[in-house]
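The values are calculated or read from the model by the stated rules, or taken from the named source; none is laboratory data. Predicted, not measured: the structure shown is a model, and the values here were computed from it. FYI the Cβ positions are ideal-geometry reconstructions off the backbone, even for glycines, and counts take in every protein chain you see.
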Amino acid sequence: MKVAIYGAGQYGDVFYRVISKYEKIDFFIDKYKKGTLHGIDIIQPTDIKEDVKIYNSVATYEDEVKEELDVIDFVDTLSLYPDIINEFYNDEYLWLEGKLLDDKLKEVRKFFNDKISLDFFDRWVQFRENFDMKYYPFPTNSLDEQYFIEEFKYSKRFVDCGGFIGDTIEAYYRHNIGGAMISFEPDPKNLKFLNQKSKNKNVLVYPMGVSNETKILKFDSKGSGGSISEDGDIFVPVTNLDDTIYNFKPDYIKMDIEGSEKDALIGAKNIIKDFSPNLAISIYHKADDLWEIPLLIKELNPNYRFKIRCHNHLALETILYCKVDK
């Protein structure tokens with residue numbers, strides 16, 4: 001039987017590096033890519049005409065993959081080949097790199113009261129300590145619920161930091177027909193789609209990023225993974241929320257800005273202190289986000305209570321939800 005890897009992207013590359021040490025990979029399968037990877041053909045799912053053992057490297061859309069083909073689950077593949085996690089670590093992949101600080105983790109753990117948050121937090125910490133799959137941090141919620149879990153669905157004045165191509169606009173207006181929204185997005189490639197999604201809706205788009213002050217920074221434009229970086233290929237303007245939208249008096253702020261969340265929170269400190277908006281903040285882009293972001297928010301406004309929810313595999317799309325009871 002032939003062996004294949006579904007997905008010829010970043011994950012597929014990592015899966016290949018490990019699995020190919022033990023099994024011959026005959027081809028990759030990918031809907032959106034053609035050509036070769038590691039000198040091996042990439043074929044379409046519709047081209048499969050025989051029984052093939054397929055390892056799925058596409059975590060985000062696994063349900064869709066399973067509708068097309070019979071595949072070995074993403075997590076089952078990690079269990080069979082745990083060295084895949086070590087490869088991600090060696091690549092300094094997001095939160096996997098960096099040392100855990102026990103004193104700060106103990107302090108942050110006290111911020112959570114609900115079982116889902118505590119269980120996920122503990123599993124994530126234990127998994128990071130030894131990469132043992134028995135502690136694997138499974139998603140707690142679906143991607144469809146991201147930013148809009150219970151208690152966080154409704155908002156009259158919503159601020160979207162990291163507007164990307166407008167997917168949050170669609171999700172917001174499913175719950176808030178009469179709401180107003182401000183969206184920040186610095187990547188020119190994404191702005192075209194974001195502006196299209198905002199048409200005929202009460203949305204103001206700022207073609208800039210969010211940080212702790214107004215300035216111009218270098219930006220590494222990579223679509224959904226674009227980020228502020230000294231190695232960036234373009235220059236973009238960034239601003240702080242206090243100077244830009246304080247009078248909007250937002251009641252909900254979402255931040256998914258590829259590692260710039262801490263600076264952006266500092267730039268919104270007056271809004272956070274004065275208006276106590278709901279917050280949905282990504283805490284998976286950097287190794288220390290898990291403790292530094294909750295500690296910072298508590299310092300800015302000690303009245304917040306926290307929940308942590310994960311919306312994807314490998315602790316990707318892990319969001320810190322913050323709310324003040326009023």
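A quick yes/no check of all residues on (1) crowded, with 20+ Cβ neighbours inside 10 Å; (2) assigned to a helix (DSSP H, G or I); (3) in the same structural domain as K156 (by TED's automatic domain parsing):
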| residue | (1), (2), (3) |
| --- | --- |
| Y172 | yes, yes, yes |
| M181 | yes, no, yes |
| N190 | yes, yes, yes |
| V205 | no, no, yes |
| E213 | no, no, yes |
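Does G162 count as in the same structural domain as D251 (by TED's automatic domain parsing) and either touching a residue at least 40 places away in the same chain (Cβ under 8 Å) or over 22 Å from A264 (Cβ atoms) (or both)? Yes, satisfied. For the stretch 143-158, the candidate set comprises residues that are touching a helix residue (DSSP H, G or I) at 6+ places or on another chain (Cβ under 8 Å) and in a loop (DSSP other than H, G, I, E, B); within that set, the residue that is nearest to D251 (Cα to Cα) is S155.
The combined condition, being small (G, A, S), without any contact (Cβ under 8 Å) to a residue 40 or more places away in the chain, under 25 Å from L101 (Cβ atoms) and in contact with a strand residue (DSSP E or B) (Cβ under 8 Å, 6 or more places away or on another chain), is fulfilled by G259. Among the residues of the stretch 116-135, is there at least one that is assigned to a loop (DSSP other than H, G, I, E, B) and in contact (Cβ under 8 Å) with a residue 60 or more places away in the chain? No, the stretch 116-135 contains no residue that is assigned to a loop (DSSP other than H, G, I, E, B) and in contact (Cβ under 8 Å) with a residue 60 or more places away in the chain. Output the number of residues of the stretch 130-142 satisfying the condition of being out of contact with any helix residue (DSSP H, G or I) (no Cβ under 8 Å at 6 or more places or on another chain) and exposed (fewer than 15 other Cβ atoms within 10 Å of the Cβ). Result for the stretch 130-142: 3.
Among what's in the stretch 248-267 and is in contact with a Cys (Cβ under 9 Å, 6 or more places away or on another chain) and part of a loop (DSSP other than H, G, I, E, B), pick the residue that is surrounded by the fewest Cβ atoms within 10 Å (Cβ to Cβ). Give the steps one after another, and end with the answer.
Residues of the stretch 248-267 in contact with a Cys (Cβ under 9 Å, 6 or more places away or on another chain): 253-257, 260-261, 264.
Those still in the list that are part of a loop (DSSP other than H, G, I, E, B) too: 256-257, 260.
Numbers: D256: 22, I257: 26, S260: 26.
The residue in question is D256.
H313 satisfies every condition listed in (1) in contact with a helix residue (DSSP H, G or I) (Cβ under 6 Å, 6 or more places away or on another chain); (2) at pLDDT 95 or above; (3) within 18 Å of Q146 (Cα to Cα); (4) not hydroxyl-bearing (S, T, Y) except (2). Applying the set (1) surrounded by 19 or more Cβ atoms within 10 Å (Cβ to Cβ); (2) more than 25 Å from A264 (Cα to Cα) to S155 leaves exactly one unmet item: (2).
Residues that are surrounded by 14 or more Cβ atoms within 10 Å (Cβ to Cβ), of a type in the set (A, V, I, L, M) and touching a helix residue (DSSP H, G or I) at 6+ places or on another chain (Cβ under 8 Å) within the stretch 105-119 comprise L105, V108, listed in sequence order. The set of residues from the stretch 158-174 being within 23 Å of D325 (Cβ to Cβ) and in contact with a Phe, Trp or Tyr (Cβ under 6 Å, 6 or more places away or on another chain) comprises F158, Y172.
Might you let me know whether the stretch 280-301 holds any residue that is in a helix (DSSP H, G or I), among the aliphatic types (A, V, I, L, M) and more than 21 Å from L101 (Cβ to Cβ)? Let's see the steps before the verdict.
Going through the stretch 280-301, the residues in a helix (DSSP H, G or I) turn out to be 289-300.
Then keep just the ones that are among the aliphatic types (A, V, I, L, M); that gives 290, 293, 295-297, 300.
Applying the additional criterion that residues be more than 21 Å from L101 (Cβ to Cβ) yields none.
Within the stretch 280-301, not a single residue is in a helix (DSSP H, G or I), among the aliphatic types (A, V, I, L, M) and more than 21 Å from L101 (Cβ to Cβ).
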